[in-house]
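Novice: Quick one: this structure, given as structure tokens, is what I'll be asking you about.
Throughout, read-outs are computed from the coordinates displayed, never taken from laboratory work. No experiment lies behind these values; they were computed from the predicted model shown. Here the Cβ is made from the backbone with ideal geometry for all residues, glycine too, and neighbour counts use every protein chain on show.
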Amino acid sequence: MQQIKEARRLRALLKAQSGAGKSIGFVPTMGNLHEGHLSLVRRARALTDFVVVSIFVNPLQFDRQDDLDAYPRTLEADARLLERAGVGLLYAPDPDDFYPDEADRLTRIDVPVVTERLEGAARPGHFSGVATVVARLFNLVQPDIAVFGEKDYQQLRMIEKMVVDLGMPVTIMSEPTVREADGLAMSSRNSRLSEAEREKAPRLYEVLKKVAEVVRLGGRDFRKIESKGAELLRSGGFRVDYLEICRATDLQPATGRDTELIVLAAVWLGNTRLIDNLRV
Ligand code: PAF
């Protein structure tokens, strides 16, 4: 596996790969890799000839400086995992060199509707930061296929829409959320949970399953089901940002006429924010 920092070298290496007729798979990450990321790498490897992974903790998508500062940075351990997973190239740019201009002078991408609620409402600027970095990475890597996790469901939907709206020549694939044995969705943020918080955390998935089951069995008073679900979360020790039953396509609040549904939640345990979702 080659590990590089410079965009110019990245382009030269990838040009050689596609010139030799190889298809390029891409998994963008912010590092601190776990089994969830490795499942994306495996999918990319199964679908393409040469897999690129990026590790870049993107300042544009953080709405709080303390969250950006606390984000775990584990490049050496990540590189070892990726090498073992059969990745061809790790692109890990220097934070100061990645963007060609300062944050407030940079061209930004805004994807409407799908980003307006849920994470978009709770974390102003977050999705514009994600769309902007992913668009830049797509332009640098020029992958045939890029793989994203379903845990960040709203992000996945936003990227699919951006690619369609802007005619980007890349196919977006997704992989199901990878969970710990007790159901907690794998996330880099889990390492910030105290022992007591870690014990409470699986309750988030249990509540999502309960809510999804009520809907699956015909419950259609979605607003009432949501507030019962939020109550269950609060009694499990969480502070609740939201628990919502949405249309899986555009993440607008579901109505009784909608058929493709998803339950999404964001909660806090102490200073750690967790998100999860479940398709009905
Ligand atoms: O999902 C993530 O890890 C990030 O949002 C992404 C897609 C790598 C962009 O920084």
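Novice: Toward the positive end of the charge dipole of region 1-143, about the Cα centre and with charges on Cβ (Lys, Arg +1; Asp, Glu -1), which of I4, T74, G21 goes farthest?
Specialist: Positive-end residue among those listed: G21.
Novice: Place a +1 charge on the Cβ of each Lys and Arg in region 191-280 and a -1 charge on the Cβ of each Asp and Glu, then give the dipole magnitude about the Cα centre in debye, rounded to the nearest 20.
Specialist: 120 debye
Novice: Right, another one. In nm, to one decimal, how far is the T255 label point from the R8 one, both placed 7 Å along Cα→Cβ?
Specialist: According to this spin-label approximation, the distance is 5.6 nm.
Novice: Rg and Dmax in Å for region 84-173, alpha carbons only: what are they?
Specialist: Looking at region 84-173, its Cα Rg and Dmax stand at 13.9, 40 Å.
Novice: So what's the net charge close to G86: Lys and Arg +1, Asp and Glu -1, counting the other residues with Cβ under 10 Å from its Cβ?
Specialist: So the surrounding residues net to +2.
Novice: Now, a different point. Want the number for E213 to R73: 0.36 nm per residue separation, take away the alpha-carbon distance, what's left?
Specialist: Once the chain is fully extended between E213 and R73, it gains 46.6 nm.
Novice: Further, regarding this structure: From the Cα trace of region 1-50, what convex hull volume per residue do you get, rounded to a whole Å³?
Specialist: 82 Å³
Novice: Size of the chain along its principal axes in angstrom, Cα-based, largest extent first?
Specialist: 56, 42, 39
Novice: Relative to the present Cα-Cα distance, how much length would full extension add between K224 and Q17 at 0.36 nm per residue of separation?
Specialist: 69.1 nm
Novice: Step through the residues of region 119-128 one at a time and calculate ³J(HN,Hα) from phi using the Karplus curve (6.51 cos²θ - 1.76 cosθ + 1.60, θ = phi - 60°), rounding each to whole Hz and writing x for Gly and Pro.
Specialist: Values, residue by residue: 4, x, 6, 6, 10, x, x, 4, 6, 5 Hz.
Novice: Starting from the amide H of D258, placed 1.01 Å from N in the peptide plane, find each other amide H under 5 Å away whose residue is 5 or more places distant or on another chain.
Specialist: Distant-sequence amide H within range of D258: zero hits.
Novice: Under 25 Å Cα to Cα from K210, which lysines show up? Leave out anything in the same chain fewer than 8 places away.
Specialist: Of all the lysines, those that pass the test against K210 - Cα under 25 Å, at least 8 places apart if same chain - are K151, K200, K224, K228.
Novice: Let me ask something additional. By the scheme Lys and Arg +1, Asp and Glu -1, what is the net charge of all other residues having a beta-carbon under 14 Å from that of L233?
Specialist: That sum, taken over residues with Cβ under 14 Å, equals +1.
Novice: Once you charge only the Cβ atoms, +1 for Lys and Arg and -1 for Asp and Glu, what is the size of the charge dipole of region 54-200 about its Cα centre, to the nearest 20 debye?
Specialist: With Lys and Arg at +1 and Asp and Glu at -1, about 300 debye.
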